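Here's the structure we're looking at; comments come further down.
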Amino acid sequence: MDRIIVAFRGEETRRRILRLLALEGREGVPCAGGAEALRAVRRLGGGVVICGFYLSDMTANALAEDLRGLALVLVAAQAACLELCGGENLYKLAVPVSPPEFAATLRLLLDRAPAPRPASRRNEADQALIRRAKALLMDVNRMSEEDAHRFLRRRAMDGGMKLEEAARRIIESYGM
């Protein structure tokens with residue numbers, strides 16, 4: 001399996017990319033938004049995400065940031081949008097693109113993609129704790145889910161602790 005995720009806001013665009021993949025004998029996991037793509041990448045243990053610059057819930061830059069070290073992100077968009085892109089694991093492809101150029105770019109990225117990682121080892125209780133902390137941050141501080149997750153991850157890294165421990169401390173700090 002190639003571990004390819006196709007994330008575009010528009011269903012028709014997703015279908016076109018999936019058809020291009022099929023021409024190459026490949027399959028992709030279709031996703032409408034960044035959060036869905038993040039879950040798919042984690043479930044697959046990494047891979048390559050093909051997306052537009054604007055997803056339904058985040059930009060390609062934010063997605064690439066969240067996937068650093070886990071997956072490569074190929075942004076297929078108009079040249080004006082590509083000028084806004086940046087990141088060490090983010091690659092750009094101007095559209096319209098020919099099928100051979102698309103296939104060559106994809107092969108290159110699949111060869112460079114990080115090796116598959118095992119699925120998350122967090123148990124359901126730890127996952128629920130993390131979700132609860134993110135929900136609390138979103139509610140109290142009016143953060144997006146992406147910002148809450150980034151804040152939680154930063155807190156864990158700065159404190160040298162696991163994500164679930166940072167979540168527990170945040171919940172306790174709010175007296176919950």
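Points to keep in mind about this one:
- Residue match in segment 120-143 (condition: modelled with pLDDT under 85, surrounded by 11 or more Cβ atoms within 10 Å (Cβ to Cβ) and out of contact with any His (no Cβ under 8 Å at 6 or more places or on another chain)): yes
- Total residues in segment 11-27, condition over 21 Å from the mean Cα position of the chain (by Cα) and open to solvent by 100 Å² or more (accessible area, probe 1.4 Å): 2
- Filter result (within 20 Å of residue 58 (Cβ to Cβ), assigned to a helix (DSSP H, G or I) and among the small types (Gly, Ala, Ser)) within segment 119-158: 133, 135, 148
- Condition met for residue 161 (aliphatic (A, V, I, L, M), outside any helix (DSSP H, G or I), modelled with pLDDT under 90 and surrounded by 14 or more Cβ atoms within 10 Å (Cβ to Cβ)): yes
- Matching entry among 74, 70 (being in contact with a Pro (Cβ under 8 Å, 6 or more places away or on another chain), touching a residue at least 12 places away in the same chain (Cβ under 8 Å) and at negative phi): 70
- Residue 111 vs. criteria surrounded by 12 or more Cβ atoms within 10 Å (Cβ to Cβ), within 21 Å of the chain's Cα centre (by Cα), part of a helix (DSSP H, G or I) and without any contact (Cβ under 8 Å) to a residue 60 or more places away in the chain: no
The values are calculated or read from the model by the stated rules, or taken from the named source; none is laboratory data. Predicted model, so just to flag it, every value in this text is computed and none were measured. Quick reminder, even Gly has a Cβ in these numbers, built from the backbone with ideal geometry, and neighbours come from all protein chains shown. Quick note on the areas: whole protein, heavy atoms, side chains included, nothing else; ligands and nucleic acids left out. Shrake-Rupley method; radii C 1.70, N 1.55, O 1.52, S 1.80 Å.
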